[in-house]
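Data block below; observations after.
The values are calculated or read from the model by the stated rules, or taken from the named source; none is laboratory data. Model, not experiment: these values are computed from the prediction. As a convention, Cβ positions derive from the backbone with ideal geometry for all residues, glycine included, and neighbour counts pool all protein chains shown. What goes into the accessible areas is simple: the full protein's heavy atoms, side chains included, and nothing from ligands, DNA or RNA. Shrake-Rupley method; radii C 1.70, N 1.55, O 1.52, S 1.80 Å.
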Amino acid sequence: MKILAVDYGDARTGLASCDKSESIASPVGTISEWNREKLLQKISDKAHELGTELIVVGLPKNMDGSEGERADKCREFARELSELSEIETALWDERITTVEAIGILNETNVRGKKRKAVIDTVAATLILENYLEYRKKKGLV
């Protein structure tokens, strides 16, 4: 199944996709867009261009598992994206993916403007990798 992962942000949103066999998660890029409607349309267009069958939106939870205002925004965003794209969406716990992404970028010595440009895409890729691992463990692949 072709899956698109979304690390939703107010200014930048990272995207990652996998192959049909769900074995490789690859970065797709970052969309810099403040306008929510335009962002939804750009993601919907990209999903259709890639032949996406499922969109996974990162759900930011607090470390204790509770959800805050940002989680509510992501739930609403996922609902709107599903309606616009007519592609099913799922939410996936994204706790510590940004921290992991920062660690990866530190290890590869990516700094400054380059880091800002790719951190959301790396986070989206990590969200997708975690989701694919879950699907494999559940025998959904």
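Just a few scattered comments:
- Reported count of residues in the range 37-53, each being small (Gly, Ala, Ser) and open to solvent by 30 Å² or more (accessible area, probe 1.4 Å), is 1.
- Scope the range 2-36; condition more than 12 Å from the chain's Cα centre (by Cα), surrounded by 14 or more Cβ atoms within 10 Å (Cβ to Cβ) and in contact (Cβ under 8 Å) with a residue 40 or more places away in the chain; matching residues: Lys2, Glu22, Arg36
- Flag if Leu39 is in contact (Cβ under 8 Å) with a residue 12 or more places away in the chain and either of a type in the set (Ser, Thr, Tyr) or out of contact with any Asp or Glu (no Cβ under 7 Å at 6 or more places or on another chain) (or both): no
- All positions within the range 54-65 that are surrounded by 12 or more Cβ atoms within 10 Å (Cβ to Cβ) and either over 16 Å from Ser26 (Cβ atoms) or free of Cβ contacts under 8 Å to residues at least 24 places away in the same chain (or both): Val57, Gly58, Leu59, Pro60, Lys61
- Residue among Glu107, Glu88, Glu129 that alone is at pLDDT 90 or above, open to solvent by 20 Å² or more (accessible area, probe 1.4 Å) and out of contact with any Leu (no Cβ under 8 Å at 6 or more places or on another chain): Glu129
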